[in-house]
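Trainee: The following block contains the structure, expressed as C-alpha cells.
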Amino acid sequence: MLSDRLTKLLGVRYPVIQGGMAWVSDACLAAAVSNAGGLGVIAGGSADADTVRAEIRRLRTLCDRPFGLNIMLMSDHAGDLARLAIEEKVPVVITGAGSPSRFMGGWKEAGLLILPVVPSASLARRMEKLGADAIIAEGGESGGHIGEMNTMALIPQVADAVDIPVVAAGGVADGRGLAAALMLGADGVQCGTCFLVADECGIHDNYKDMIIAARDTGTVVTGRSGQGHPVRQLKNPMTRRFLEMEKRGASERELEEFVLGSLRLATQQGDREHGSFMAGQIAGLVKGRAGAKEIIEGMVQQARLLLGE
Ligand code: TUI
C-alpha cells in the first residue's frame, strides 16, 4: 500500500519529493511539483542568502503548498541559509553533502521539518537521535555527489535502523521504482533526474536532450581517486579529461580548478564539452519531456497498479 506516513508528515498528496539540484531547482520547478501534489524543493546550492530568499518569495507567489529548501552543507553560505530557513519559515529543510548536526537545534526550536540526506544507515541513526523528522537515504545510482552504498542494499538497512519515515533516493524515475522503494521499506521517494526534463525546469535544452539521449551506462563517477568528492554525471569530453587527470595523479587543487564553474556551464550554457551534466543512472529510462504533473501522476498511477491498489 502507498504509505501515508510521509505524506501526512509533509502535508502533501503524493510521496514524491523533487531533489534539490544546484543551479536547477528554482522556484518555478519547485512550485510546479508542489502544485502537482509532490514536495517541490528549492536548491540553495552555492548561492547566497539574498538570492535564495528571492527564490523562496517567488515560489510563494506561485504556490501556497508545502515546499522544501535544500541546503548543501559544503557551501560557504550554509550557515546563512540555515538562518534564512528560520526567518522565512520554510516548511521543510533538506540537507545534503555533510552532517547538519550544528543547525538541528535551531531548526527544531523554530518548528521546521528536517529531512537530512544520508548515504548510510549509521548516519541515518545519528540524524534520528538529533531530531530528524524523516531520513532521505540516497544510493550511489544518484546524480551529483554520492556515497558508497547503492539504493537496493541501503534502503532496507536504513528502514531497519530508524523509526522515522524513510525516503529512497537514487535510481527512481517511474512507478516501478516507487513501488520497489516501498517494498524495500521506504515511505516515499526523492527524484532528481526525471525532473531535469520537466517542462517547468529551466535548464538549457542541450542538458535535457543529453538526458533523453543517455543510455543505461551513460553516466560515470569522477573524483573517486583521492580526497575529493565522488560525483556522478553524464559522460562527456569533460569527464574523460577529468578521469585522465585523476589517472595521472593530478592534485586535488588541479582537479578542483578544472571543474570550477562546470555545473553552471551545463545548466545555463548547455556546454556539451566543458559542462558537468550531473545525472543519475536512471537517465537511460527518461525518454522525453513532460510536465511535472504528468511525471508525478504517471509514477503514482503505475506504482498503484503494481501494488494492486
Ligand atoms: O548532496 C548531494 N548531492 C549533490 S551536492 C552537489 S554540489 C557539489 N558539487 C561538486 C562537488 C560536490 C558537491 C551535487 N550533488 N546529495 C546528498 C548527499 N549527501 N550525498 C551524500 C551525502 C552525505 C555525505 C556525507 C551526507 C552526509 C554526510 O555526512 C558525512 C559526515 O558525517 O559529516
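Trainee: With the structure loaded, tell me whether R224 is under 18 Å from M278 (Cβ atoms) and over 19 Å from the mean Cα position of the chain (by Cα) or whether it fails that test.
Mentor: Judged against the criteria, R224 is a match.
Trainee: Here is a further query. Here are the criteria: (1) under 18 Å from V162 (Cβ atoms); (2) surrounded by 21 or more Cβ atoms within 10 Å (Cβ to Cβ); (3) not aliphatic (A, V, I, L, M). Tell me which single one R125 does not satisfy.
Mentor: It fails just one condition, (2).
Trainee: On to the next question. Quick one: which helices (runs of 4 or more DSSP H) sit completely within segment 230-309 and have at least 1 residues that are within 21 Å of H145 (Cα to Cα) and open to solvent by 70 Å² or more (accessible area, probe 1.4 Å)?
Mentor: By residue number, 237-247, 252-259.
Trainee: Can we say V189 is under 15 Å from the mean Cα position of the chain (by Cα) and buried (at least 24 other Cβ atoms within 10 Å of the Cβ)?
Mentor: Yes.
Trainee: For segment 167-182, give me the residue count where each residue is touching a strand residue (DSSP E or B) at 6+ places or on another chain (Cβ under 9 Å) and either open to solvent by 10 Å² or more (accessible area, probe 1.4 Å) or within 16 Å of the ligand (Cβ to nearest atom) (or both).
Mentor: 9
Trainee: To continue, here is another question. Name, by its number, the condition in (1) under 19 Å from I136 (Cα atoms); (2) under 19 Å from the mean Cα position of the chain (by Cα); (3) within 16 Å of the ligand (Cβ to nearest atom) that does not hold for S75.
Mentor: (1)
Trainee: Can I ask one more? Would you please list the contacts, defined by Cβ atoms under 6 Å and residues six or more apart or on different chains, that run from a residue in segment 2-23 that is more than 18 Å from I295 (Cβ to Cβ) to a residue that is within 16 Å of the ligand (Cβ to nearest atom) and in a helix (DSSP H, G or I)?
Mentor: Qualifying pairs under 6 Å: W23/L263; W23/R264; W23/T267.
The values are calculated or read from the model by the stated rules, or taken from the named source; none is laboratory data. Fair warning: this is a prediction, and the values are worked out from it, not measured in the lab. When we count neighbours, we look across all protein chains shown, and the Cβ atoms used for this are built from the backbone with ideal geometry, even at glycine. Please note that ligands, DNA and RNA were not included when accessible areas were found on the heavy atoms of the full protein model with its side chains. Shrake-Rupley method; radii C 1.70, N 1.55, O 1.52, S 1.80 Å.
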